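The values are calculated or read from the model by the stated rules, or taken from the named source; none is laboratory data. Values in this document were obtained by computation on a predicted structure and should not be read as measured data. With ideal geometry, Cβ positions are generated from the backbone for all residues, glycine too; neighbour counts draw on all protein chains shown. Heavy atoms of the whole protein, side chains included, go into the accessibility calculation; ligands, DNA and RNA do not. Shrake-Rupley method; radii C 1.70, N 1.55, O 1.52, S 1.80 Å.
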Amino acid sequence: MLVLPSITVKPGPQFSVDVRQWPIPQHVNLADPTFAVTRDIDMFLGAAHFFRVLPCNDLPLLQNTEFGWIVSGECMLEDHNHENPCGCQFSNPCTIDELVNHFWQLEDVQHSEGWSSSERYCDDHFVEHTVRNPDGRYVVKLSKREELLSRIKDNWYNATRRFYTLERSLAQNPDKHAMYQKFIHEYLALGHMRVVDPNERYTKPRYYLPHHAVIKMDSTTTKLRTVFDASCPSKSGLSLNDVLLAGPTIQYTRVHSSYPPRY
């Protein structure tokens, strides 16, 4: 028997029940006269021990259930060498607030001081080249791996092939084509992209971003979302993603850094 300050968080039963109409004989001496009233639980009794309090003449009890008759209880076998069982129980009297707080402590990512030189360079590059334009938008210059930048080649062929595939897909769905066309015109009007002069293609290597549409009709805001693929390989096998610096994880290190926090 273990004596604890509390057994369960919720009382039992969860709702009080009116049992005055139940045909319970008056002469029956109930072990718990207030079994139908919500209150704290006094004692838990395991199923193995429960059948010990039933009169069964030192034999297992035969009980009728919805699944049929079952045999419950313990018995001693003469030809079996019974060893004394050893049990171990643990009770943690922590409150729910303490448990939730402990959970977030386990999920917290520990601070790491070990930034590599590329991570430090990427962070410095972000601080130096992040500006805010007159429209209130933040403009961030891409931090590139200079040693790989010269190795990225023209991806005109791959990007064009994907564009033709996109055109064939849009031609089969007029509604999708109309939404995508609206997005392209809006993107041009906002200045996020521009029409490239064909002669510019041959002046120096350029990287073209393939794109495709993702339709989500149950969305309450935007039914069509355009996805740009910066992992499309160029002739050298390198993509734009390959020559960009990822930078360090700053969600938890920024407050420990020597730089002031950015918002």
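Some notes on this structure:
- With R₀ fixed at 22 Å, the C-beta to C-beta distance from Leu209 to Ser116 puts the FRET efficiency at about 0.20.
- Rolling a 1.4 Å probe over the protein heavy atoms of the range 201-249, with every protein chain left in place, gives an accessible area that is 53 percent carbon and sulfur.
- Efficiency of FRET from Cβ geometry, Trp104 and His177, R₀ 45 Å, rounded to 0.05: 0.40
- For Thr8 and Thr65, the FRET efficiency from 1/(1 + (r/R0)^6), where r spans their Cβ atoms and R0 equals 22 Å, is about 0.30.
- Overall form of the range 181-249 per C-alpha gyration tensor (a/c, 1.5; a/b vs b/c): oblate
- Solvent accessible area, Å² - Ile96, 1.4 Å probe, full protein context: 120 Å²
- Gain on full stretching of the segment that runs from Arg39 to Val140 - 0.36 nm per residue minus C-alpha separation: 30.2 nm
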